[in-house]
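Trainee: I have a structure I would like to understand better, so I am pasting it below and will then ask my questions one at a time.
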Amino acid sequence: MSLKYDLYEESDIKEIDGLVTNVRDIPLITFYADCVPLFFYDKVRKVVGLAHSGWKGTVNNIAYQMIQVMNRKYGSKPEDIVVAIGPSICMDCYEVSYDVAEQFEKKYKNTEIDHILLSKGEGKYQLDLHQACKYNLINAGVLAENISMPDACTCCNPDVLYSHRASKGMRGNLAAVIMLK
């Protein structure tokens, strides 16, 4: 019999913001501070996925990329996928500069931008990552009624959720986990 004393091992998974599986009893886990966790479940083909969607992942549409991977690998159809958008920083708490706002303005329709970005003047904007992720999902073919939006902000609730912004960088991490049973 052998025992393993070192309970920490460096992960082989690096620079990955999304995980997908159809194997039961394999938990997928990602970590967050204020970014958006996206939970995917294909109720027909029994596939789960989990994505970390910060502002870069959101503007580069990781939601669409996840759905494409689920389709190619498992035959998932967007209309069969249920998505939960997890707790993350809300629009009221998430101020970004013009260089970030400009990237969203280039990628989203004018009617969408009106719900994603709010100009505060002097090159400052409030950004709604939740709503941007929802538009990404709908534009990828996920039915609006299959998308659950959060009502909890990491920054507004630092007593129960870790927030990089609320703690001014002195933070821990939140974990998102999904698994087929």
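For (1) surrounded by fewer than 18 Cβ atoms within 10 Å (Cβ to Cβ); (2) assigned to a strand (DSSP E or B); (3) small (Gly, Ala, Ser); (4) at positive phi, each residue gets a yes or a no:
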| residue | (1), (2), (3), (4) |
| --- | --- |
| ALA63 | no, no, yes, no |
| VAL82 | yes, yes, no, no |
| CYS90 | no, no, no, no |
| ALA101 | no, no, yes, no |
| PHE104 | no, no, no, no |
| LEU118 | yes, yes, no, no |
| GLN126 | yes, yes, no, no |
| GLY141 | yes, no, yes, yes |
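Trainee: Can you name the condition, by its number, that VAL20 falls short on among (1) at pLDDT 95 or above; (2) open to solvent by 80 Å² or more (accessible area, probe 1.4 Å)?
Mentor: (2)
Trainee: Hey, among GLY49, GLY75, GLY54, which residue is over 17 Å from GLY141 (Cα atoms) and out of contact with any His (no Cβ under 8 Å at 6 or more places or on another chain)?
Mentor: Numbers: GLY49 fails: over 17 Å from GLY141 (Cα atoms); GLY75 fails: over 17 Å from GLY141 (Cα atoms).
When all the criteria are applied, what remains is GLY54.
Trainee: Scan region 45-52 and tell me whether some residue there is open to solvent by 60 Å² or more (accessible area, probe 1.4 Å) and modelled with pLDDT under 95. Break it down into steps so the answer makes sense when it comes.
Mentor: Residues of region 45-52 that are open to solvent by 60 Å² or more (accessible area, probe 1.4 Å), as a first pass: 45-46.
Pick out the ones that are also modelled with pLDDT under 95 and you get none.
Within region 45-52, not a single residue is open to solvent by 60 Å² or more (accessible area, probe 1.4 Å) and modelled with pLDDT under 95.
Trainee: Here is a further query. Between LYS181, LYS107, which is under 18 Å from the mean Cα position of the chain (by Cα) and closer than 30 Å to ARG45 by Cβ?
Mentor: Working: LYS181 fails: under 18 Å from the mean Cα position of the chain (by Cα).
Within the list LYS181, LYS107, the selection yields LYS107.
Trainee: Looking at region 70-77, can you tell me whether even one residue there is surrounded by 18 or more Cβ atoms within 10 Å (Cβ to Cβ), modelled with pLDDT of 95 or more, assigned to a loop (DSSP other than H, G, I, E, B) and not basic (Lys, Arg)?
Mentor: Yes.
Trainee: What about ASP114, is it of a type in the set (Asp, Glu), open to solvent by 50 Å² or more (accessible area, probe 1.4 Å), within 18 Å of TRP55 (Cα to Cα) and not in a loop (DSSP other than H, G, I, E, B)? Don't jump to the end; show me each part of the working.
Mentor: Numbers: of a type in the set (Asp, Glu): yes; open to solvent by 50 Å² or more (accessible area, probe 1.4 Å): yes; within 18 Å of TRP55 (Cα to Cα): yes; not in a loop (DSSP other than H, G, I, E, B): yes.
Here the answer is yes, as ASP114 does meet what is asked.
The values are calculated or read from the model by the stated rules, or taken from the named source; none is laboratory data. Quantities reported herein were computed from a predicted structural model and do not represent experimental measurements. Here the Cβ is made from the backbone with ideal geometry for all residues, glycine too, and neighbour counts use every protein chain on show. Ligands, DNA and RNA are excluded from the accessible area calculation, which covers all protein heavy atoms including side chains. Shrake-Rupley method; radii C 1.70, N 1.55, O 1.52, S 1.80 Å.
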